[in-house]
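Single-structure report; data block below.
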């Protein structure tokens, strides 16, 4: 009688790949936003010449999230990929969390449209939830 490995069980592994796909999309979006910010800051003033270490830290989070989700999607190192994805999502949340407070407590009297902040909060919180579910799902194997 053939037994199926829990790693390749179609009932459980499909959702794991979908969660990793969400994290991959968030990593690509985060990388594009980071590149846009870098290019926008370079265009506003003199070209920004940053040391390579600062650029590496600037793009470390999105790169880590993309690599982690690729490890999970290709089912190479599921646990390592899920731990790296959780670490990258914690970094993203720490980077974006101070902006959440502006949604609830406006700092100025000028009314602004909070839709961008709400969309950003939804994306980041969905990535956090996906990373936690992915870690729980992979460590259950």
* To do: Please find the FRET efficiency linking residue 76 to residue 99, where r is the Cβ-Cβ separation and R0 is fixed at 25 Å, and quote it to the nearest 0.05.
  => 0.15
* Rough spin-label spacing in nm, given labels placed 7 Å along Cα→Cβ, for residue 28 and residue 54 -> 3.0 nm
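Just so you know, all these numbers are worked out from the coordinates, no wet-lab data involved. Fair warning: this is a prediction, and the values are worked out from it, not measured in the lab. Here the Cβ is made from the backbone with ideal geometry for all residues, glycine too, and neighbour counts use every protein chain on show.
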